[in-house]
Amino acid sequence: MRLRLRILCILCAFFVLRIIQPVSSQSLGIDPLLIERAVSPGSSISYTVNVQNDDGFEPITLAVSVADVFENLNGVYNLLEAGSSAFSLAEWVSFEPEIITIPPASERRISVTITVPRGVSGGRYGAIVISPKEDISSLAESTAPFVYRMASFIELEITGSAARKEAYISRFSVQPSSALPRIRQQVGDNALVYSAEVTNVGNVHIITQGSVLLQTAEGRTVARFPIGGGRGIILPENTVALQSVTKRGLLPGDYIARAVIEYGGQRPAVSEIEFSITESAIDAQEQSAVPLSRFTVEPEKIDVAVRPGALNSTILEISNKGLDPIEVDTEIMPLEFSILGELLTEEERGEAPDWITINPSSFSIEPGRTRRVRLLIRPPKDTDGGYYADLILTSKSEAGTTKTGSSILVFVGEKIIKSGKVEVVNIEQEQEFIYCDVLFTNDGNYHVNVGLDFVLRRVYEGYIDEETGRVVPRQTEGISSISLPMSINPVLPSTKRGFSFQIPTSLEPGEYEIAIRADYGGDEPALTQLPFRIEGGEGQDE
């Protein structure tokens, strides 16, 4: 009898402990963690959120709700009250059920519908949130159970609307790792931390891809390395710090670090800072409380046609969107792109035509004011064809240097010739993906923007049926296709632009072909096809 009572008392004690245990002891899973959709105004999407109770003994009751999201400086999504963000989609969301009870080791589903009204543009963001719905009335007053929330995030981009991608670097710093406790724990004291805080002031999320160019004070390039991490997503009205950590590895001396952040806009965001390395320490620039200069130029692209010997005059407006006066210097350089369509660094370019000038070349702008400058284009009488320049505007402040600019596309002459060709230069299969590299060549005398359509087909060659004598013609079966929109940066005459495709597919042995269509504004699109064979799971060009 004593043994029974003892066992009973132990079980009762365990039961009381389970009641007052924090609800975070529950083991839950949620899928998907993220929904990304491109939707048109007036349409709707529906999907399912699956919630898994991984506890093999305890059921759980959950409340379902919708929330807004924002990003912190580290790029982590956090939850906000629904409707508190200017880019909230909370009012567009309906879901059921609002309360779910999940038995042990079981799963339940939440049906979600998002209805996009007409007349909206840009991006909208939110999350489907689950949190425990606990009856805590029986708990002691001193007990404060920890309530947690899990979320399935939503990112919507409204297509066919006035999406505006605009971002700038609000701060750029180089600091010793010893000044940053979180990073110091991982890499020690003798490292450099490059940090570019990028602010999205557009109306849709951006995907960033950045790099840092490291040079000596004399302009000699020392290194180039990526900056950023993760998905590189920055939501509207949010600022995220893109970082890169490198070992010291630098000789004593003065250096310049230049951050170039591509985000899908017409031009990348660019900023520079100076720092020094001594024998005994890393004397990097301390992070300034003063933000970098923020200014814009309109238009960002000047596209004109002019006769030889004639004069063209264009007015540009430079606006100071910061809180302090700025000094702006200008420089005209050649406009040149890499084979991937990225602006080459200033050090990689030559000299621009001397008949493209800006007046004035240096000026100041008060906060919130706009300054007008005049761009003059007067090509000599013996010029003909396309000429391309890059107007670079630079502003220096206590926090560092900021750069922006305007692309100048000039055609001189009477006859515009748009001609191009496209070719597949490489194709290979690795595991479940087909990788294809495509090259477009501009053979005309005028700049063009290029959009590509890619199609992968299974080929069944024609044959004669021996029994019936019937001729079976060659047939193809579409497997997958991808369309790339028109490129942001043009392909200049006599230059090439590369495109890469990654097709998720597992192909059986057999005959296949790739078909490419390049639209660039010519009389006819550029077309090409490439047959290839899969043997033993590996792609081989024929």
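The values are calculated or read from the model by the stated rules, or taken from the named source; none is laboratory data. The shown structure was predicted, so the numbers you read here are calculated from the model rather than taken from an experiment. Positions of Cβ are generated from backbone atoms using ideal geometry, with glycine treated the same way; all protein chains shown enter the neighbour counts.
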List pairs: first in region 174-202 and closer than 30 Å to A86 by Cβ, second assigned to a loop (DSSP other than H, G, I, E, B) and of a type in the set (S, T, Y), Cβ under 8 Å, 6+ apart or cross-chain? V198/T208; V198/Y263; N200/Y263
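Quick check: anything in region 302-313 assigned to a loop (DSSP other than H, G, I, E, B), in contact with a strand residue (DSSP E or B) (Cβ under 6 Å, 6 or more places away or on another chain) and crowded, with 16+ Cβ neighbours inside 10 Å?
First, pick out the residues of region 302-313 that are assigned to a loop (DSSP other than H, G, I, E, B): 307-311.
Narrowing further to those that are in contact with a strand residue (DSSP E or B) (Cβ under 6 Å, 6 or more places away or on another chain): 308.
Add one more test, that the residue is crowded, with 16+ Cβ neighbours inside 10 Å, and what stays is none.
There is no residue in region 302-313 that is assigned to a loop (DSSP other than H, G, I, E, B), in contact with a strand residue (DSSP E or B) (Cβ under 6 Å, 6 or more places away or on another chain) and crowded, with 16+ Cβ neighbours inside 10 Å.
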The number of residues in region 63-98 that are closer than 15 Å to E155 by Cα, among the polar types (S, T, N, Q) and touching a residue at least 24 places away in the same chain (Cβ under 8 Å) is 2
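A quick yes/no check of all residues on (1) outside the structural domain of G350 (by TED's automatic domain parsing); (2) modelled with pLDDT of 85 or more; (3) on the phi < 0 side of the Ramachandran plot:
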residue	(1), (2), (3)
A389	no, yes, yes
L393	no, yes, yes
E430	yes, no, yes
C436	yes, yes, yes
P504	yes, no, yes
Out of region 203-238, which residues are closer than 20 Å to I273 by Cα, in contact (Cβ under 8 Å) with a residue 24 or more places away in the chain and surrounded by fewer than 18 Cβ atoms within 10 Å (Cβ to Cβ)? Q209, T216, A217, G219, T221, V222
Given the conditions (1) assigned to a loop (DSSP other than H, G, I, E, B); (2) in contact with a Ser or Thr (Cβ under 7 Å, 6 or more places away or on another chain); (3) within 19 Å of R374 (Cβ to Cβ), report the number of the one that D329 does not fulfil. (1)
Give me a count of the residues in region 72-130 that are closer than 25 Å to V198 by Cα and either among the basic types (K, R) or not assigned by TED's automatic domain parsing to the domain that holds A38 (or both). 1
Go through (1) modelled with pLDDT of 95 or more; (2) of a type in the set (S, T, Y); (3) touching a Pro at 6+ places or on another chain (Cβ under 7 Å) one by one and return the number of the condition T101 breaks. (1)
Checking E466 against (1) exposed (fewer than 15 other Cβ atoms within 10 Å of the Cβ); (2) under 30 Å from K301 (Cα atoms), only one condition comes out false. Which one? (2)
The condition of being under 19 Å from R109 (Cβ atoms) and in a strand (DSSP E or B) holds, among A63, A67, only for A63
Conditions (1) in the same structural domain as G522 (by TED's automatic domain parsing); (2) at pLDDT below 90; (3) surrounded by 14 or more Cβ atoms within 10 Å (Cβ to Cβ) -> L452 fails only (2)
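I'd like the full set of residues that are among the small types (G, A, S) and either farther than 25 Å from G123 by Cβ or assigned by TED's automatic domain parsing to the domain that holds L340 (or both), limited to region 185-210. Talk me through it step by step, then tell me what you get.
Within region 185-210, the first condition is being among the small types (G, A, S), and the residues that meet it are 188, 191, 195-196, 202, 210.
Matches in region 185-210: G188, A191, S195.
Against the condition in contact (Cβ under 8 Å) with a residue 12 or more places away in the chain, over 30 Å from G385 (Cβ atoms), surrounded by 15 or more Cβ atoms within 10 Å (Cβ to Cβ) and not basic (K, R), how does E511 come out, does it pass?
On the way: in contact (Cβ under 8 Å) with a residue 12 or more places away in the chain: yes; over 30 Å from G385 (Cβ atoms): yes; surrounded by 15 or more Cβ atoms within 10 Å (Cβ to Cβ): yes; not basic (K, R): yes.
For E511, the condition - in contact (Cβ under 8 Å) with a residue 12 or more places away in the chain, over 30 Å from G385 (Cβ atoms), surrounded by 15 or more Cβ atoms within 10 Å (Cβ to Cβ) and not basic (K, R) - is met.
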Taking L316 as the residue in question, decide whether it is surrounded by fewer than 14 Cβ atoms within 10 Å (Cβ to Cβ), among the hydrophobic types (A, V, I, L, M, F, W, C) and in contact (Cβ under 8 Å) with a residue 24 or more places away in the chain. no
If I filter region 153-169 down to residues being in a strand (DSSP E or B) and β-branched (V, I, T), which single residue comes out as farthest from V129 (Cα to Cα)? I169
Number of positions in region 219-269 that are closer than 19 Å to S173 by Cα and of a type in the set (D, E, K, R): 6
State the number of residues belonging to region 243-260 that are touching a Pro at 6+ places or on another chain (Cβ under 9 Å) and under 17 Å from L180 (Cα atoms). 2
